[in-house]
Amino acid sequence: MNVKELPSYFKGIERDLFIKDEDGFERIGDKTDINFSDGEFCNVYDADVVMFSVDEYRGAGKQNNSDYTDGIRKEFYGLYPSRREVKVCDLGRMTVGAELRDTYFLLSEICGCLFELGKTVIVLGGGDDLSLGVYKGYSQIGRIINMVGIDSRFDLTGVSKDDGSIYRNWLEEIMTAEPNYLFDYTLLGYQSYYVEKGGEDLLDDLYFERYRLGLLQGKLEKTEPILRDCDFISVDTGCLRKSDCKESISPHGFYGEELCKLLHYGGLSDKLSCLLISGFAQNMDSGCKITAHGLYYFLEGYTGRMGEVDIEDNDNYLRFEVLLNPQDGGGTYGDDGKQIEKALFYKSKLSDRWWIVVPCSDELKKRYRRHYIVPCEYKDYQEASKGKLPMKWIKAYNKLNR
């Protein structure tokens with residue numbers, strides 16, 4: 001698919017979704033290039049961030065409609081813009097397919113086209129099974145990715161139905177796809193009583209990471225290096241607690257402001273190219289507001305990007321080498337039985353953020369050039385000085401060298 005074909009697959013937005021206030025100040029809607037139903041298609045080339053909705057709920061066993069995503073737009077368009085502006089265009093509502101798999105395919109075509117243009121994409125979806133369509137967009141362009149899920153449960157062991165519904169097992173389909181373009185997956189905020197037996201063990205066996213809700217609340221800064229290393233964030237609004245989102249199924253979950261902070265971290269990531277927010281029920285009043293605020297903080301984070309991607313041989317980074325003293329019984333062993341004698345860290349002079357290098361062959365460095373330098377925290381450097389390396393490093397090492 002190319003950009004000239006995009007208008008054929010989108011329906012424009014009605015102008016009454018954006019009601020201008022009379023205070024004389026510009027709102028986000030004034031600053032957004034919107035595909036209105038009675039206007040011209042927006043200019044994708046000029047945009048930094050491209051946004052659209054996919055009102056596809058059949059994978060979640062519900063009827064398709066645009067009530068919720070329209071509600072998000074009303075709330076989002078009416079907010080005041082950040083001081084540092086981002087060029088956003090809203091393509092409107094993507095046409096859903098006659099069959100569910102048709103929707104996945106079209107979503108993958110559109111995302112692949114936008115990724116090749118270097119755009120950051122925001123998808124407002126129906127069920128979180130739409131993550132499969134986004135993933136296939138990356139596979140179309142041959143990009144190996146890291147993915148983060150923000151959800152209260154795993155989507156690994158559901159049953160595919162005759163109608164193509166894979167609402168509770170789309171993640172398994174991603175993990176087992178051939179050829180596979182998923183290098184790393186991390187689940188944030190899951191609640192163990194919603195996790196079927198064996199789900200945690202499966203993620204561990206694949207060297208993926210998982211963080212329970214209780215471990216993260218009050219410690220969200222732990223997620224910054226994870227989200228900095230991410231290409232694709234998939235948010236299921238079921239991660240929110242019922243007190244903040246009355247339509248949520250659980251009394252526990254992230255607070256609205258916590259989700260905003262997570263999305264702010266995601267926006268800051270120079271690697272991140274897609275945010276999917278989905279899983280919502282229809283007619284969610286409080287969910288519309290939280291989602292709109294989350295979009296605001298994601299875009300505010302985007303304005304803080306520093307281009308910290310190419311780290312080696314770059315004068316903007318300080319290099320630190322830590323000996324792990326293997327001769328004294330220190331060091332860390334990978335699954336390949338080799339003892340690791342030293343660890344190499346980089347620290348940005350611009351942001352004070354840290355990265356650690358995962359040793360691998362030159363051939364693997366070429367193939368996984370975006371994955372063998374792993375974001376970390378300063379305390380990881382401190383721990384390495386005592387001979388202990390972070391678990392994320394160990395898992396990345398085992399994936400690269402297995």
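Rule-based calculations on the coordinates, nothing more; no lab input. In this text, all values refer to a predicted model and were calculated from it rather than measured experimentally. Here Cβ is always computed from backbone atoms with ideal geometry, including for glycine, and neighbour counts include all displayed protein chains.
Odds and ends about this structure:
- Nearest-0.05 FRET efficiency for N64 and N43, computed from C-beta distance (R0 41 Å): 0.90
- Cα gyration tensor category, rounded, prolate or oblate, for region 44-90 with a/c compared to 1.5: oblate
- Calculated [θ] (222 nm, deg cm²/dmol) that DSSP helices of n ≥ 4 give over the chain, each run adding -39,500 (n - 2.57): -8500 deg cm²/dmol
- Overall Cα dimensions of region 170-254 - principal axes, largest extent first, Å: 42, 28, 20
- Translational diffusion coefficient (Stokes-Einstein; Kirkwood radius from C-alpha pairs) of region 1-76 at 10 °C, 1.306 mPa s, in µm²/s: 111
- DSSP loop GluC sites (Glu not before Pro) with at most 15 other Cβ within 10 Å: longest gap in the chain: 197-311
- Qualifying trypsin sites (Lys or Arg not before Pro) in region 56-104, where qualification requires a DSSP coil assignment and no more than 14 other C-beta atoms within 10 Å, comprise K62, R83, R84, K87.
- Under Karplus coefficients 6.51, -1.76 and 1.60, residue-wise ³J(HN,Hα) of region 338-352 in Hz, glycine/proline x: 7, 8, 8, 8, 8, 10, 10, 10, 10, 10, 6, 6, 7, 10, 6
- Spatial separation of Cα centroids for region 124-148 and region 219-293, in angstrom: 17
- Pair D23, R370: separation of 7 Å Cα→Cβ label points (nm): 3.9
- With each label modelled as a point 7 angstrom along the Cα→C-beta vector, the Q382-K246 pair spans 4.5 nm.
- Coil-residue trypsin sites (Lys or Arg not before Pro) of region 1-31, DSSP, other Cβ within 10 Å capped at 13: K20
- Gyration tensor verdict on region 317-401 (Cα atoms; rounded if a/c is under 1.5, prolate if a/b is larger than b/c, oblate otherwise): oblate
- For H252, residues with placed amide H under 5 Å, excluding near neighbours: K242
- Distance between the pseudo-spin-label points of D285 and R15 (7 Å out from Cα toward the beta carbon): 2.9 nm.
- Spatially, region 1-39 and region 384-402 are offset by 47 Å when compared through their Cα centroids.
- At 1.567 mPa s and 4 °C, Stokes D of the chain from Kirkwood alpha-carbon radius, µm² per second: 59
- Sparsely packed chymotrypsin sites (Phe, Trp or Tyr not before Pro) within region 34-136, loop by DSSP, other Cβ within 10 Å at most 11: Y45
- Of all DSSP beta bridges in region 3-302, antiparallel share, percent nearest 5: 5
- If you bin all the Cα-Cα distances of region 188-328 at 10 Å, starting from zero, the percentages per bin are 10, 34, 32, 16, 6, 1, 0.
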